[in-house]
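Structure record follows, encoded as structure tokens.
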Amino acid sequence: MTSKSPPPEVEEEVAALRKAVKGLRAGAADHRRPQALQPSDAAVLAVAKDYDQAMQELTPLGFSSLGDVGEQRKDGSLAVSRWFGHSGGTISGWLGFITTKRGPRLLAFLVTEASGPIYCTSLRGGTGLSLARPPHVSHADYEMSMSLVEMVGGHRERLSSFTTERMPLTGVATLDEAIELMERLHQARMTWRASVGEDELLRADLRSVLANSYRKMAAEDFWLIYSHAAEWLDFHPARAPEPSAPLGSALADFLASTQTGPEVEQGALGAESDWLFHCEFEIQGKRLQLLDVLMAGNDGEGVILEVSPGVHVVEARVMTYGIDRRISRVRVHPKGEIGTPGALAGEVGVDLAAVAICDVDRLAAWAQDHEDEWQRWGNQLWYGRTTPAGLYPCEPAKTVVPFVDSGFGDGTYPVYYSMNDGRAVGLEAVFLRSPDARERVVHL
């Protein structure tokens, strides 16, 4: 349990964090409603080219400009931001510059409001420093390396919980409506903060700032600098591990082996391998899930099969086209109980060129209760994979997530039950048909 007043050793460790919290609180208290600006305003013209260029990425996604607004800085200058809205009316946001040591950085912010009210927000390019957010604000931070297309895709995925529960979403069609929504979001945060006791709020703010501080630190450095503070704050970070191929697996060895010879001609048939061992993983819950890697951590997505807890085996087959090798299918079954393909179980849609196999009861239960931590964990799985097949551990959920590339990439693929003695014991996804099916590849 944490005490109300931090002991001296904690005070020493959180001195810099307290300073950051103080600055963030001052900024929140100094909030000023932005004012609409005319396109001919000199401050608007100075940044219009950069904003127009960014809008070229957003326009194909259904967004259009709502106008420009200005906020008065303490030095008297005007900070100009470009606001935009989606044709569907439920996502709005803004583009704005901040000053960094490396020069100006263009931020992108998205927001959706649902009845409650509750909010879904996304920020690309921010510093990561923030005060604690209320439980009814779901937020995700994105690195500058992520495209606006990927950011919008991530925001839409997170909105799935709103649409699943059929929550009415606030429509935004004008600049005034977008500004009003942002004002409601700010007021909701400040109202929540005012309702929380100061000791509890301080700990929450310190944890929020500390969460940003530890991300780029080596584990030994973090515990050297913040060990007492982490214990007092009950803050136990788990750094996202790198996805890796299981060492010594037949699948990894086959994919890594060198192929020589000419490139295959378009339309040529491939040669499919036997089943190759990928990995074993333990299902502690009662449901096996196969789905797009981007959706790992979402219950109800992909294809789900009720199974008995225990060790399961993941295997894959690989199609070879000349010097090109592609994973053609993947199956998962209980150890020692190999099945045969049965009836169609469903389909899996793939948007990030790979599928994941999950203990859905472990992973999704954790992800639902720790959305920010899940987003940080998932980014490496979604966008940082460097191997066509691997394992991605999730220590907080006490599980691992096997993944494999899906043939030639994105698409919709059939998933079949794996049957044994008349029972569905596993799942098998087919990305590429074997030559026996007489289906030719039309692109490579």
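Throughout, read-outs are computed from the coordinates displayed, never taken from laboratory work. All values reported here derive from a predicted model rather than from experimental measurement. Counting neighbours? That spans all protein chains shown, and the Cβs are built from the backbone with ideal geometry, glycine included.
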If every Lys and Arg gets +1 and every Asp and Glu gets -1 at its Cβ, then about the Cα centre the chain yields a dipole, in debye to the nearest 20, of 760 debye
Largest fluctuation, SER249, SER195, SER161 only, Gaussian network model of the chain with Cα springs under 10 angstrom, belongs to SER195
GNM of the chain, Cα pairs under 10 angstrom: of LEU17, LEU123, LEU391, the biggest fluctuation goes to LEU17
Mean-square fluctuation maximum in Gaussian network of the chain, Cα pairs under 10 Å, restricted to ALA108, ALA173, ALA15, hits ALA15
Label model pair LYS101, ASP324: point-to-point distance (7 angstrom along the Cα→beta-carbon line) in nm is 4.5 nm
Convex hull around the C-alpha positions of region 250-437: the volume in Å³ per residue is 113 Å³
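Largest first and in whole Å, what are the equivalent-ellipsoid semi-axes of region 31-195 based on the Cα gyration tensor, each being the root of 5 times an eigenvalue?
Details: eigenvalues 117, 69, 54 Å².
Over the Cα atoms of region 31-195, the semi-axes work out to 24, 19, 16 Å.
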Phi-derived 3J(HN,Hα) across region 426-432 with the Karplus relation (6.51, -1.76, 1.60, θ = phi - 60°), rounded Hz, x for Gly and Pro, is x, 10, 9, 9, 10, 9, 9
Tilt, helix 15-29 to longest principal axis of the chain (alpha-carbon atoms), in degrees rounded to tens, equals 70 degrees
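Mind sorting ILE283, ILE225 by how few other Cβ atoms lie within 10 Å of their own Cβ, fewest first? Write down the numbers at each step before the final one.
On the way: ILE283 23, ILE225 15.
The fewest-first ordering by Cβ neighbours comes to ILE225, ILE283.
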Rounded to the nearest 10 degrees, the helix 175-195 long axis (Cα) sits at an angle to the longest Cα principal axis of the chain of 80 degrees
Given unit charges at Cβ for Lys, Arg (+) and Asp, Glu (-), the dipole magnitude of region 250-437 about its Cα centre in debye, nearest 20, is 280 debye
When the charge dipole of region 31-195 is computed with +1 on Lys and Arg Cβ and -1 on Asp and Glu Cβ about the Cα centre, the Cα farthest towards its positive end, among SER92, HIS136, GLY171, belongs to HIS136
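Over the chain, what is the relative contact order in percent, taking alpha-carbon pairs closer than 8 angstrom and at least six residues apart? Show your work: numbers first, answer last.
Working: 825 pairs, mean separation 59.4, N = 444.
This gives 13 percent for the chain.
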Once ASN212 and ASP351 are pulled to full extension, the length gained, defined as 0.36 nm per residue separation minus their Cα-Cα distance, is 47.1 nm
Nearest 10, in degrees from 0 to 90: the angle of helix 360-369 to the longest Cα principal axis of the chain is 10 degrees
Along the dipole axis of the chain (charges at Cβ: +1 for Lys and Arg, -1 for Asp and Glu; origin at the Cα centre), the most positive-end residue among LEU159, SER5, THR340 is SER5
Simple spin-label estimate for ALA43/LEU224, 7 Å along Cα→Cβ, in nm, reads 4.5 nm
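Suppose only helical runs count, i.e. DSSP H with n ≥ 4. What mean residue ellipticity at 222 nm does that imply for the chain under -39500 (n - 2.57) per run, divided by all residues and rounded to the nearest 500 deg cm²/dmol? Show your work: numbers first, answer last.
On the way: 11 runs with 137 residues, N = 444.
When only DSSP H runs of four or more count, the value is -9500 deg cm²/dmol.
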A correct Kirkwood calculation over the Cα atoms of region 4-115 returns a hydrodynamic radius in Å of 16.6 Å
With the charge dipole of the chain built from beta-carbon charges (+1 for Lys and Arg, -1 for Asp and Glu) about the Cα centre, the Cα from GLN53, ALA204, SER249 projecting farthest to the positive end belongs to GLN53
In the list [x] 28.7, 95; [y] 21.3, 64; [z] 25.0, 77, the entry giving Rg and Dmax of the Cα atoms in Å computed from the coordinates is [z]
Simple SL model, points at 7 angstrom along Cα→Cβ for ASP75 and ALA16; separation in nm is 2.5 nm
